[in-house]
Amino acid sequence: MLDCDEPRTYMSETGKKFYDLTIEQRLDRLAALTGLDGTDLAVFKGADALSSDQADYMIENVVGTFQLPLGVAQGFLINGHEIPVPMAIEEPSVVAGVSYMARLVRSGGGFKTISDPPEMIGQIQILDLKDPQKAWESLLAHKKELLMEAGLGDPLLLKLGGGPRDLEVRLLEHPAVGNFLVLHLIMDVRDAMGANVVNTAVERLAPLVAKITGGRVHLRILSNLADRRLTKSSCIIKLNQLAFNDFSAENVRDGIIAAWAFATVDPYRAATHNKGIMNGVDAVVIATGNDWRAVEAGAHAYAARDGRYTSLSTWCVNAAGDLAGTLEMPMAVGIVGGATQAHPMARVCLKLMGVTTSADLAGIIVSVGLAQNLAALRALATEGIQRGHMSLHARQVAITAGAKGPDIDRLADQLINEKTVRIDRAEAIMKQWSESK
Ligand code: MEV
């Protein structure tokens, strides 16, 4: 286990914190601490980032590429490993928030994660059944044959130790179609996100399923409620880490728990609470070229699994009086396939973290979600979020008003001092400055 002192990536040789360095110095620092080489750094600098020609192969009707800021969160100690975490996000305060919380979590030994096997569910809808019960029994009686058939489409996956694992049958009903069966094909997709693997397998199975049941196979598609592929991250924040400004440690700890309790019983609050979690989650999912819509869909469906939408995270006081948090959620992400290797930036982001399995990546993502939840609850339960947000928001307003270089901070400071962080005021100040030159 590494020590819980200042994170290795946090300070530079000059004693400057990562956020105080220039972009060039930050890149040098990352290169010194990780396996990134000059080619990788060129991708971060934009020289070898995604070109329009590459993009043209990825989607249709391409006219360009769309960029987001990429930050690297600092201070994460996950399962005993120091992990610099790349985050692609346009919202200020998120990268700073998770980095700060990651440092607090070090006091309790860092984040500990655990992931289910990478099993995804493919669904086959079977309509027009004369006897659904008999069809159900026939499917289970042919389980071995069906699993064998499902695996034939992907010999490489079988070689890697993945492939079909199980079948489940469910009987559903809707007035539009009457009774129908749904066959779930459970597949271990190893280090892929799994959509292609599973969709290929369920399409392959369809004719055999129709033959066995005598029904009409309709939909054949992956389910994004990846509830067999859950990842859990837990952390402890020592009580003595929680006090700041005029807020006592007990006050902050109990305030965080009261804020969490609100989200557990109220869907209006839970939606915002979980949105904060997804601020952290999505930023890493996007930086690694994964499908954030799939992760979002899985997260919210899982948050409503008991019929009522609730918090994805849990916070409590442990026996020692410290604050303990957990976040458990479906995490269907891959480190092979899709854009994870095809997108130059995603490839370098994965290399930066040194992940070798999809479970490693899932553990990092869920830990960042938990850290972001802690950052939001800590701010909300104490001084509110606007204070921290305002300075970064003011910088964005300054940039939008046309400020460049040192004028960005100068203008942002003036807007904050005047307590008027608005674009019209920023433009007026810029005009005054240019007239007085
Ligand atoms: C803002 O992007 C996210 C928060 O609203 C999350 C929360 O309220 O828990 C601050």
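The values are calculated or read from the model by the stated rules, or taken from the named source; none is laboratory data. None of the values given here were measured: they were computed from a predicted structure. When we count neighbours, we look across all protein chains shown, and the Cβ atoms used for this are built from the backbone with ideal geometry, even at glycine. Note: areas computed on protein heavy atoms with side chains; ligands, DNA, RNA excluded. Shrake-Rupley method; radii C 1.70, N 1.55, O 1.52, S 1.80 Å.
Accessible surface calculations at 1.4 Å, restricted to protein heavy atoms, place the chain at 48 Å² per residue. A dipole drawn for the chain from +1 and -1 charges on Cβ atoms has a positive end, and of Ala201, Thr65, Thr357 the residue lying farthest that way is Ala201. With a cut-off of 13 Å between beta carbons, the residues surrounding Gly161 carry a summed charge of -1, where Lys and Arg count +1 and Asp and Glu -1.
Nearest 10 degrees is fine. How inclined is helix 143-152 to the longest principal axis of the chain, computing both from alpha carbons? It is inclined by approximately 60 degrees.
For the pair the stretch 333-410 / the stretch 218-274, the C-alpha centres are spaced 18 Å from each other.
Calculated mean residue ellipticity, 222 nm, the chain: -15000 deg cm²/dmol, from DSSP H runs (n ≥ 4) at -39500 (n - 2.57) each, averaged per residue and rounded to 500. Using the Cα centre of the chain as origin and beta-carbon charges of +1 (Lys, Arg) and -1 (Asp, Glu), tell me which of Trp433, Gly276, Ile423 is placed farthest towards the positive end of the dipole. Value computed over the given set: Gly276. With all protein chains in place and a 1.4 Å probe, the accessible surface of the stretch 119-222 carries 54 percent carbon and sulfur.
Remark: spin-label model distance Thr400-Tyr19 equals 2.2 nm, labels positioned 7 Å along the Cα→Cβ axis. Neighbours of Lys130, meaning other residues whose beta-carbon lies under 15 angstrom from its beta-carbon, give a summed charge of 0 when Lys and Arg score +1 and Asp and Glu score -1. The charge dipole of the stretch 119-222, taken about its Cα centre with unit charges on the Cβ of Lys, Arg, Asp and Glu (plus for the first two, minus for the last two), comes to roughly 180 debye. Axis angle, to the nearest 10 degrees, between helix 267-287 and the longest C-alpha principal axis of the chain: 90 degrees.
Taking all protein chains together and rolling a 1.4 Å probe, Thr264 ends up with roughly 30 Å² accessible. Taken about its Cα centre, the stretch 388-436 carries a charge dipole of roughly 100 debye when the Cβ of each Lys and Arg holds +1 and the Cβ of each Asp and Glu holds -1. The Cα-based radius of gyration and maximum Cα-Cα distance (Dmax) for the stretch 119-222 are 13.3, 44 Å. Ordered by solvent-accessible area of protein heavy atoms (1.4 Å probe), largest first, the residues Cys316, Cys349 come out as Cys316, Cys349. Computed about its Cα centre, the charge dipole of the chain is approximately 380 debye, with only Lys, Arg, Asp and Glu carrying charge at their Cβ. Cross-link pairs exceeding 25 Å in C-alpha to C-alpha distance, out of Lys404/Lys431; Lys238/Lys419; Lys16/Lys275; Lys112/Lys351; Lys17/Lys419; Lys130/Lys211, comprise Lys238/Lys419; Lys16/Lys275; Lys17/Lys419. Within the stretch 73-159, the trypsin sites (Lys or Arg not before Pro) that combine a DSSP coil assignment with at most 15 other C-beta atoms in a 10 angstrom radius are Lys130. Exposed loop sites here are GluC sites (Glu not before Pro) assigned a DSSP state other than H, G, I, E or B and surrounded by at most 14 other beta carbons within 10 Å; excluding them, the longest clear run of the chain is 91-382. Using the alpha-carbon positions of the chain, Rg (one decimal) and Dmax (whole number) come out as 24.8, 86 Å. Accessible area of Ser248 (1.4 Å probe, protein heavy atoms only, ligands and nucleic acids ignored): about 50 Å². Principal-axis analysis of the Cα atoms of the chain puts helix 358-380 at an angle of about 50° to the longest axis. Phi angles across the stretch 416-429 convert, under the Karplus curve 6.51 cos²θ - 1.76 cosθ + 1.60 with θ = phi - 60°, into 3J(HN,Hα) values of 5, 4, 7, 6, 9, 8, 9, 5, 5, 5, 4, 5, 5, 5 Hz, Gly and Pro given as x. The share of accessible area on the stretch 388-436 that comes from carbon and sulfur is 53 percent, using a 1.4 angstrom probe.
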